[in-house]
Amino acid sequence: MAKPPLEGIRVADFSWVWAGPFCTLQLAHLGADVIRIETKTRPCVTRMLPPWPENNMGLNRSGYFNQYNQGKRSITLNFKVPGAVEVAQRLVANSDVVVNNFAAGVMERLGFGYEQCRRLKPDIVMISLSGYGDTGPYSEYVAYGPAQVPLSGLSSLTGYKGWPPMHSGFSYADPNAGIHGAFAVLCALYHRAKTGEGQYLDMSQWECAMDLIPEGLLEYAMNGREPVRDGNRDAWMAPHGIFRCKDLPEKIMELTIDAWVSIACADDAEFARLADAIGRPELATDARFKTLDARKRNEDELEKIITEWTSQRSEHDAARELQSHGVAAAVCASNKDVAEDPHLIARNAFVRLNHPEVGAQQHIGIPWQMSGTPCAVRAPAPCIGQHTDEVLTGVLGYSEAELTKLRDAGALE
Amino acid sequence: MTGPLSDLKIVEVGEMVSAPYASKLLADMGAEVIKIERPGAGDRARTRGPFPGGTPHPDKSGLFLYLNANKLAVTVDLAQREGFEIFEKLLASADLLIHNVAPPDMDRVGLHYERLRKVNPRLIMTSVLPYGLSGPKRDWRAENLNLWCAGGVCYLNGGGPLSGDLPPLKTFGDQAFYQGGAHAAAAAMGAVLARLRDQDGQHIEVSVQESVAAEMEMVFEYWPYIKMIGSRLGQKPLQPVEIFECKDGYIYVCCIEEHQWRAFVDLMGNPEWATMEIFGDRLQRGINWDALKPFIAEWVSTQTVLDLYRKAQDRRVPFAPVSTMGDLLSSEHLKARGFFVEIAQPVAGTHRYPGAPVKFGRTPWEIRLPAPTLGQHNQEILGRRLGLAPARLEELKRKGVI
């Protein structure tokens, strides 16, 4: 029976909110035993954020938490009570990886800085995914997920033409840091497997996000110019945009749910196929549109012509018809569209495991498939402290009597 | 000190961003990457800027130079039988193949794992594909824009309550492809670790659409949990979390916790309007945002970006500048951390590039080589390493195979 890649690897997960948990989610997907160290005295922010079924809040009921903590275990410790720190120390001593996403200095104050962890486990791999990194004049600045998008430069590059800078609409720097952090941990585990050496990994979420905007940075580095925001357009493709389709007839929860299709033509041949698809084959030889340069010059007009066609049909029909002519098109999908996407359903992209408090909810699964060492979400996200007893007795060797003593003292809150 | 992956050999068949970014992540950690490009034009990224002076040139594309530093480049046409044979010879001694050849083209040239496994059973083949290798959209064409949309995040951005006529707004750059590439690099390293144990290769397929959908914050779950559709239209649940204009640029005003709002009000000198009941807590500030926004805008417009940023941070309020490219390249913090790296490339010149995503304590991230010109290493790799004689190389060149 094939084992998942990280079977036997244990992760002591001090992280919270999104970036760190997204990092350890990947390690759990790959088969690691990820144990989250939580506390009931200050639960993870995402446990207290919506959505909750029936809108009834509960620490174990958040869809946000339950998405990004699939397949992990949870123990609760109150570090203010004697005995709790030792539990975490024993966990580090029995782990291969330590993950946190606190600002610089916080882990040291808790007693779990790299030097401290190294004394507990000499070959430990430790990563910190902080907002600004461990060094530099701003290392102690406060970083919240949404602020990292403008900080990274993404916002000054993103926006409608002539408009102010815009956000990306979600805290994009967080999962970006998480996936890169997981990659870095895996590289460090490979180094450890070859040499026996652990190491410390210092990630700045800010820097990691700047690795995604080389065109912007290089335009400035090479030519001293700030790029001009240009909506959904692209300098080397036209059309390249998101076009209005027939709106859904209803308003849902006071929001107008509108419908859009994205279309991109990489070259003149693809544009000719588009012209065919929308019943205007003559556009392919029209002087206004037949070359990229011409289409870029007349892009407003081109977009108007395409909108005349898209606005007559649903976004799903538009995407299908364009694809059947070999044109890159896709529905601008809402969360509902993603949840109901027949393609994703056919690929078993979703996970529905039975959770004790929210039942079998639909969650996004693992974005990769491996032929030799299959990865699977093994369990739903843990309830807070769900695995305290089994980890303390099963992994860390505490006796039942010691466990009771710690519990009675309030160390396991 | 060399990177942790210095004993890994990778063959890349990559265009644009997704597979090239995955192999860049590995190359920068020490792996050897041989990049295979189409004879003639090469990777499409070579046609995309920015270019020094704005003049297109296949060896001067900023995007290409960034994504392909540390790689060796050969030109081989996989669609020709002799080209595929050369490809198989390169794979015989490789640890990983990373590619983003679209499924219909994989079928056309016969790029299938079962075939490659016969050449090298220890090979880890990683396919980074728009929609994966199965399902009804397997063969759909996709640019980055389409996948940012298909993954559900684009629908969440843009416009605002008074601009419903504007379309959802794409985030700058090829973000869907970066996420697909990063997920591919992580999965590939998982397989490399598994191979230490199992001594066997395997095939990994990564869906870019699914990589994006996995990053929808809490919004995806709004549908299964409470049947609510997330939208860029309508008010945000809590405020202020918005971009405002200062005298000399833009700043992100961010008060998520109540104590942050109180500190901001104090920073503004406790104006009378801030005590109004309709701004009493973060939810109320969300509901009454139309009334609150002009007050904040007016005050912020009297400030300068860096000064307000520092004053807010001094009070532990997580404001951030809306950094311009110039701000980033001159940031004292990034300079102190040595983030940007200078790379000299003979054709494009010397420029500063974004650097390491993570600083490794022991095994540093490192740029060893500038990005290659088209076919730069044909002689070294195909001639010296594979042992093809000069006459044979000439013949293959004449046939357009290399």
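The values are calculated or read from the model by the stated rules, or taken from the named source; none is laboratory data. Owing to the predicted nature of the structure, the values given are computational and were not obtained by experimental measurement. Note: ideal-geometry Cβ built from the backbone for every residue, glycine included; neighbour counts use all protein chains shown.
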Notebook entry, point to check: Condition test on A:PHE22, is it outside any strand (DSSP E or B), assigned by TED's automatic domain parsing to the domain that holds A:GLN386 and buried (at least 20 other Cβ atoms within 10 Å of the Cβ)?
Noted result: yes
Check: Any chance segment A:242-256 includes a residue that's at positive phi, among the hydrophobic types (A, V, I, L, M, F, W, C), surrounded by fewer than 19 Cβ atoms within 10 Å (Cβ to Cβ) and at the interface with chain B (Cβ under 7 Å from one of its Cβ atoms)?
Finding: yes
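Okay, residues lined up against (1) under 30 Å from A:SER371 (Cα atoms); (2) in contact with a strand residue (DSSP E or B) (Cβ under 7 Å, 6 or more places away or on another chain); (3) of a type in the set (A, V, I, L, M, F, W, C):
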{"position": "A:SER15", "(1), (2), (3)": "no, yes, no"}
{"position": "A:GLY20", "(1), (2), (3)": "yes, yes, no"}
{"position": "A:THR24", "(1), (2), (3)": "yes, yes, no"}
{"position": "A:HIS29", "(1), (2), (3)": "yes, no, no"}
{"position": "A:PRO43", "(1), (2), (3)": "no, no, no"}
{"position": "A:ARG47", "(1), (2), (3)": "no, no, no"}
{"position": "A:PRO50", "(1), (2), (3)": "no, no, no"}
{"position": "A:LEU59", "(1), (2), (3)": "no, no, yes"}
{"position": "A:VAL97", "(1), (2), (3)": "yes, yes, yes"}
Note to self: Going through B:PRO121, B:PRO168 one at a time, which residue ends up being farther than 30 Å from A:GLY8 by Cα and assigned by TED's automatic domain parsing to the domain that holds B:PRO103?
What the structure shows: B:PRO168
Check: Any idea which of (1) within 7 Å of chain A (Cβ to nearest Cβ); (2) in contact (Cβ under 8 Å) with a residue 24 or more places away in the chain; (3) in contact with a Leu (Cβ under 7 Å, 6 or more places away or on another chain) is the one B:VAL322 doesn't satisfy?
Finding: (3)
Check: In segment B:72-91, is there at least one residue being in the same structural domain as B:ALA19 (by TED's automatic domain parsing) and under 30 Å from B:LYS359 (Cβ atoms)?
Finding: yes
Note to self: Cβ-Cβ distance below 8 Å, separation of 6 or more or different chains: which pairs start in segment A:179-200 with a residue that is more than 21 Å from B:ALA22 (Cβ to Cβ) and more than 7 Å from chain B (Cβ to nearest Cβ) and end on one that is in a helix (DSSP H, G or I) and among the basic types (Lys, Arg)?
What the structure shows: A:GLY198/A:ARG118; A:GLY198/A:ARG192
Next item on the list: Working only within segment B:125-180, note down all residues that are without any contact (Cβ under 8 Å) to a residue 24 or more places away in the chain and more than 7 Å from chain A (Cβ to nearest Cβ).
Entry: B:LEU162, B:SER163, B:ASP165
Next item on the list: For A:CYS265, indicate whether it is touching a Ser or Thr at 6+ places or on another chain (Cβ under 6 Å), buried (at least 17 other Cβ atoms within 10 Å of the Cβ), more than 7 Å from every other protein chain (Cβ to nearest Cβ) and modelled with pLDDT of 95 or more.
Entry: no
Item checked: Given (1) within 8 Å of another protein chain (Cβ to nearest Cβ); (2) outside any helix (DSSP H, G or I); (3) under 28 Å from B:ALA31 (Cα atoms); (4) more than 22 Å from the chain's Cα centre (by Cα), number of the condition A:GLY136 does not satisfy -> (3)
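So that you can scan it fast, the table gives a plain yes or no per residue for (1) modelled with pLDDT of 95 or more; (2) crowded, with 23+ Cβ neighbours inside 10 Å; (3) of a type in the set (A, V, I, L, M, F, W, C); (4) in the same structural domain as A:TYR138 (by TED's automatic domain parsing):
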position: A:ALA173; (1), (2), (3), (4): yes, yes, yes, yes
position: A:ALA184; (1), (2), (3), (4): yes, yes, yes, yes
position: A:ASP202; (1), (2), (3), (4): yes, yes, no, yes
position: A:LEU217; (1), (2), (3), (4): yes, yes, yes, no
position: A:GLU226; (1), (2), (3), (4): yes, no, no, no
Margin query: Would you confirm whether or not segment A:257-265 contains a residue that is part of a helix (DSSP H, G or I), touching a helix residue (DSSP H, G or I) at 6+ places or on another chain (Cβ under 8 Å) and among the polar types (S, T, N, Q)?
Written below: no
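Here is a yes/no grid of residues against (1) assigned to a helix (DSSP H, G or I); (2) of a type in the set (S, T, N, Q); (3) within 14 Å of another protein chain (Cβ to nearest Cβ); (4) closer than 23 Å to B:THR126 by Cβ:
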site: B:SER6; (1), (2), (3), (4): no, yes, yes, yes
site: B:VAL11; (1), (2), (3), (4): no, no, no, yes
site: B:MET16; (1), (2), (3), (4): no, no, yes, yes
site: B:ALA19; (1), (2), (3), (4): yes, no, yes, yes
site: B:SER23; (1), (2), (3), (4): yes, yes, yes, yes
site: B:MET29; (1), (2), (3), (4): no, no, yes, yes
site: B:ARG46; (1), (2), (3), (4): yes, no, yes, yes
site: B:LEU65; (1), (2), (3), (4): yes, no, yes, no
site: B:GLY83; (1), (2), (3), (4): yes, no, no, yes
Item checked: Qualifying position, being under 23 Å from the mean Cα position of the chain (by Cα) and small (Gly, Ala, Ser), among A:ALA411, A:ALA401, A:ALA381, A:ALA328 -> A:ALA381
Next item on the list: Looking only at segment A:11-18, decide whether some residue is within 12 Å of chain B (Cβ to nearest Cβ), on the phi < 0 side of the Ramachandran plot, surrounded by fewer than 24 Cβ atoms within 10 Å (Cβ to Cβ) and part of a loop (DSSP other than H, G, I, E, B).
Entry: no
Next item on the list: Starting from residues that are touching a residue at least 24 places away in the same chain (Cβ under 8 Å), under 30 Å from B:THR55 (Cβ atoms) and among the hydrophobic types (A, V, I, L, M, F, W, C), keep the ones in segment A:268-280 and report whichever is surrounded by the fewest Cβ atoms within 10 Å (Cβ to Cβ).
Entry: A:PHE271
Margin query: Being of a type outside the set (S, T, N, Q), modelled with pLDDT under 95 and either in contact with a Leu (Cβ under 8 Å, 6 or more places away or on another chain) or over 16 Å from A:GLU54 (Cα atoms) (or both) is the filter here; which residues of segment B:220-240 pass it?
Written below: B:ILE229, B:GLY230, B:ARG232, B:LEU233, B:GLY234, B:LYS236, B:PRO237, B:LEU238
Margin query: Of the residues A:PRO150, A:PRO165, only one is part of a loop (DSSP other than H, G, I, E, B) and either crowded, with 23+ Cβ neighbours inside 10 Å or at pLDDT 95 or above (or both); which?
Written below: A:PRO165
Notebook entry, point to check: If you scan segment B:130-166, which residues turn out to be among the hydrophobic types (A, V, I, L, M, F, W, C) and surrounded by fewer than 24 Cβ atoms within 10 Å (Cβ to Cβ)?
Noted result: B:LEU133, B:LEU156, B:LEU162, B:LEU166
Check: Any chance segment A:343-356 includes a residue that's free of Cβ contacts under 8 Å to residues at least 60 places away in the same chain, surrounded by 15 or more Cβ atoms within 10 Å (Cβ to Cβ), at the interface with another protein chain (Cβ under 9 Å from one of its Cβ atoms) and in a loop (DSSP other than H, G, I, E, B)?
Finding: yes
Margin query: Show me the helices (runs of 4 or more DSSP H) entirely contained within segment A:83-131 in which 3 or more residues are in contact (Cβ under 8 Å) with a residue 60 or more places away in the chain and of a type in the set (A, V, I, L, M, F, W, C).
Written below: A:84-93
Notebook entry, point to check: When you go through (1) part of a loop (DSSP other than H, G, I, E, B); (2) assigned by TED's automatic domain parsing to the domain that holds A:PRO146 one by one for A:PRO5, which number turns out not to apply?
Noted result: (2)
Note to self: Every residue in segment B:352-398 that is within 14 Å of chain A (Cβ to nearest Cβ) and without any contact (Cβ under 8 Å) to a residue 24 or more places away in the chain, please.
What the structure shows: B:ARG352, B:GLY355, B:VAL358, B:LYS359, B:GLY361
Item checked: The one condition in (1) within 14 Å of chain B (Cβ to nearest Cβ); (2) not in a helix (DSSP H, G or I) that A:VAL338 fails to fulfil -> (2)
